[in-house]
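Below: the structure, in structure tokens.
The values are calculated or read from the model by the stated rules, or taken from the named source; none is laboratory data. Keep in mind that this is a model prediction, so the values were computed, not measured. Virtual Cβ from ideal backbone geometry, glycine too; neighbours counted across all protein chains shown.
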């Protein structure tokens with residue numbers, strides 16, 4: 001009986017994953033093509049950075065096709081130091097296309113890759129212990145929420161960031177249960193992808209993952225018999241050591257040190273904060289949507305004092321009354337919607353800590369670290385909206401879980417029964 005239920009659950013999970021992927025692919029393809037058309041034929045520059053990535057990627061492909069070598073070290077300099085993987089990916093596409101500049105085709109292909117993000121969010125939700133219905137809601141939230149759609153469909157590197165971030169989290173949670181060699185390899189690949197996109201996220205994630213791997217959890221599945229021969233603490237210690245050894249062998253530490261070595265040797269925290277303060281003030285004063293322009297984070301004490309206000313602005317701007325440019329006005333409804341979700345996220349986090357503390361702490365540690373960093377460095381609505389999507393992504397499961405808790409309380413008050421998936425499973429889905 002238990003085996004039959006397990007196969008039924010697996011069949012439903014597979015069906016939901018396919019449904020989420022194809023709807024995400026369609027929505028992102030349409031959004032990306034629409035943004036491209038509007039950029040080409042109107043005065044609304046939706047693409048900006050994306051067109052720059054495309055231009056550099058095409059130039060690299062042209063060099064390859066002409067037999068010229070490319071100095072990839074130069075791609076890690078200046079303002080593109082954390083986005084060279086995006087441009088190399090575009091260059092590979094144009095190289096395969098033999099120099100044919102088919103940007104619409106590139107957009108569709110990119111959407112096909114980033115459409116996996118909602119699937120990973122569904123799988124993360126299931127690893128947390130959420131019901132299939134609640135996990136499905138989390139996936140649909142990522143499928144349809146405009147922040148995820150735009151950044152994933154418009155050739156911005158945030159699409160790849162969200163993909164590598166969600167894939168890495170998913171495989172880290174799987175390794176908390178038992179040894180899985182494929183998950184170990186894919187987790188390492190995800191971190192290397194983040195290292196080539198946003199290196200500070202890779203460093204943050206690697207630290208959280210190591211601690212998370214030591215904190216294992218029990219596998220209650222019926223096919224987990226025989227895996228309890230090794231004590232959980234010893235098992236997780238071996239997995240963590242294997243992960244660290246793999247990352248050292250592949251040169252992750254050297255790559256991280258190389259990206260951190262851009263400042264003068266021996267530079268102290270105060271000087272780093274001084275540089276961040278200059279960058280933040282520039283972003284706050286150079287854009288019409290800048291906020292807290294007089295803020296100072298040049299010292300650790302000043303940064304701590306600024307953090308509460310910076311975090312509030314980072315999680316909430318643009319405010320419902322904060323009208324500005326067309327692009328800023330377009331994101332006000334979505335931001336207001338997520339403001340309404342924050343209480344549900346809090347309820348979901350409480351449920352997660354009760355049901356699966358080890359995995360919940362991994363997500364909280366990663367998003368907490370991102371919130372601190374982004375709250376300090378974000379200085380305008382555009383930067384906050386872009387970076388906040390990474391936090392929202394990992395909070396989507398908690399929002400769906402919080403909604404499930406409220407529904408359970410409502411049913412308990414009204415005496416209602418449990419809910420089930422609306423679509424019946426086919427014989428093929430349940431493996432008959």
#### Entry: Total residues in the stretch 97-108, condition surrounded by fewer than 21 Cβ atoms within 10 Å (Cβ to Cβ) and under 14 Å from residue 26 (Cβ atoms)
1
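Quick check, is residue 207 within 14 Å of residue 177 (Cβ to Cβ), modelled with pLDDT of 75 or more and exposed (fewer than 15 other Cβ atoms within 10 Å of the Cβ)?
Numbers: within 14 Å of residue 177 (Cβ to Cβ): no; modelled with pLDDT of 75 or more: yes; exposed (fewer than 15 other Cβ atoms within 10 Å of the Cβ): yes.
In short, no.
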### Task
Go through the stretch 81-170 and tell me which helices (runs of 4 or more DSSP H), entirely inside it, have 2 or more residues that are touching a helix residue (DSSP H, G or I) at 6+ places or on another chain (Cβ under 7 Å) and without any contact (Cβ under 8 Å) to a residue 60 or more places away in the chain.
84-96, 103-114
### Message
Among the residues in the stretch 249-261, are any buried (at least 16 other Cβ atoms within 10 Å of the Cβ), more than 30 Å from residue 149 (Cβ to Cβ) and at pLDDT 85 or above?
### Response
no
### Message
Conditions first: (1) modelled with pLDDT under 95; (2) farther than 24 Å from residue 120 by Cβ; (3) touching a helix residue (DSSP H, G or I) at 6+ places or on another chain (Cβ under 7 Å); (4) part of a helix (DSSP H, G or I). Residue 318 passes all but one, so which condition is the exception?
### Response
(4)
### Query
Considering 362, 381, 430, which residue is modelled with pLDDT under 95 and surrounded by 17 or more Cβ atoms within 10 Å (Cβ to Cβ)?
381
### Message
Just to be sure before I move on: is residue 279 out of contact with any helix residue (DSSP H, G or I) (no Cβ under 8 Å at 6 or more places or on another chain) and either part of a helix (DSSP H, G or I) or modelled with pLDDT of 85 or more (or both) in the structure I sent?
### Response
no
### Task
With the condition kept exactly as written, say whether any residue in the stretch 141-159 is outside the structural domain of residue 332 (by TED's automatic domain parsing), buried (at least 24 other Cβ atoms within 10 Å of the Cβ) and more than 23 Å from residue 86 (Cα to Cα).
no
